[in-house]
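The values are calculated or read from the model by the stated rules, or taken from the named source; none is laboratory data. Worth saying up front: this structure is predicted, and the values here are computed from it rather than measured. Here the Cβ positions follow ideal geometry from the backbone for every residue, glycine too, while neighbour counts run over all protein chains shown.
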Amino acid sequence: MPRVVVDVMPKPEILDPQGKAVLGALPRLGFSGVTDVRQGKRFELEFDGELTDEVLAEVRQMAETLLSNPVIEDFTVSVETVAAVEAVE
Amino acid sequence: MKVGVVTFPGSLDDVDAQRAVRLGGHEAVALWHGDHDLRGVDAVVLPGGFSYGDYLRCGAISRFSPVMAEVIEAAQRGMPVLGICNGFQILCESHLLPGALIRNDHRKFVCRDQRLRIENVATPWTSSYEPGAEVTIVLKNGEGGFVADADTLDRLEGEGRVVARYLDVNPNGSARDIAGITNERGNVVGLMPHPEHSVEDLTGSGTDGLGFFTSLAAAVLS
């Protein structure tokens, strides 16, 4: 089963208070060396059948209209095969 | 006038907004997010709260609700629309207003009586204020930081589309202390503070917010 992953990140110029909170928590837990944290969202979309160019174009449309807000966020679309994911796990 | 107040799942301030509409001298009409129907209203208020649980992004799901299809179409025809707090977020997600609202820069929920300057009194929601009026209105938000790119901010300032600006303190990190803006036509207003909570002495912090609801009548009469 093909899986399409949409990663959404706040644009570099947009303040990310959640990332800042995580960055502040890390040293308190004894983790050092992290200079910045940005927090985003990951969407895993499962499909039946073949991933055609049309399907991927539609995913990009989903990402633009609903999954991300282009005013403050960027997104990337990538394809994963579930077999590969299982091998890694 | 008949003023519709939309209730989404998770709206909190719809009943307060209806009450403010009545105190402003209008008939309040309850509108439901799931209906493709504005029930013949002359204006619409999108109230505060956490519509659809703020899932995905504040206002992102509400923006695609059936009633919003009607609100967007009516707004584009010139119907007065006021979005308060979550309503402001919905208007930005709908692209009826530019920019976006992000989490407060200090990461805490803010709840205070906020001083504001009303900078644009040409909208149907602000016409009963004096130009430059300084007022105190309740503010409560977790994601109230207004952001937009520099060109958009310059255009908003240049065209006089900043409706209200924070005074004394910037409570949420909003760009250029912006508390509220309007669209090019001036009929759609988004505001982070809550004028519907500042309409009666009984419930505290003065009545400076009432002008947003009495302005509609003045706009019609003028």
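What are the residue pairs meeting all of these: first residue in the range B:196-214, first residue among the aliphatic types (A, V, I, L, M), second residue surrounded by 24 or more Cβ atoms within 10 Å (Cβ to Cβ) and assigned to a loop (DSSP other than H, G, I, E, B), Cβ atoms under 8 Å, and 6 or more apart or on different chains?
Filtered contacts from the range B:196-214: B:Leu210/B:Ser198; B:Leu210/B:Val199.
From A:Gly30, A:Gly49, grab the single residue that is at pLDDT 95 or above, at positive phi and not polar (S, T, N, Q).
A:Gly30
Would a scan of the range B:48-61 turn up a residue that is under 25 Å from B:Val121 (Cβ atoms), away from chain A (no Cβ under 14 Å) and of a type outside the set (Val, Ile, Thr)?
Yes - at least one qualifying residue is present in the range B:48-61.
Just need a number here: residues in the range B:182-222 that are closer than 21 Å to B:Cys58 by Cβ and either in contact with a strand residue (DSSP E or B) (Cβ under 6 Å, 6 or more places away or on another chain) or at pLDDT below 95 (or both).
Number of matching residues: 10.
When both residues are 6+ apart or on different chains and their Cβ atoms are under 7 Å apart, which pairs have a first residue that lies in the range A:8-25 and is in contact (Cβ under 8 Å) with a residue 40 or more places away in the chain, and a second that is of a type in the set (A, V, I, L, M, F, W, C) and in a helix (DSSP H, G or I)?
A:Val8/A:Leu67
So, in the range B:69-88, exactly how many residues are touching a residue at least 60 places away in the same chain (Cβ under 8 Å) and not aromatic (Phe, Trp, Tyr)?
Here the count works out to 12.
Here are B:Gly173, B:Gly144, B:Gly83: which of them is over 17 Å from the mean Cα position of the chain (by Cα) and among the small types (Gly, Ala, Ser)?
Exactly one residue qualifies, and that residue is B:Gly173.
What residue, among those in the range B:156-186 that are among the charged types (D, E, K, R), without any contact (Cβ under 8 Å) to a residue 40 or more places away in the chain and not in a helix (DSSP H, G or I), is surrounded by the fewest Cβ atoms within 10 Å (Cβ to Cβ)?
B:Glu184
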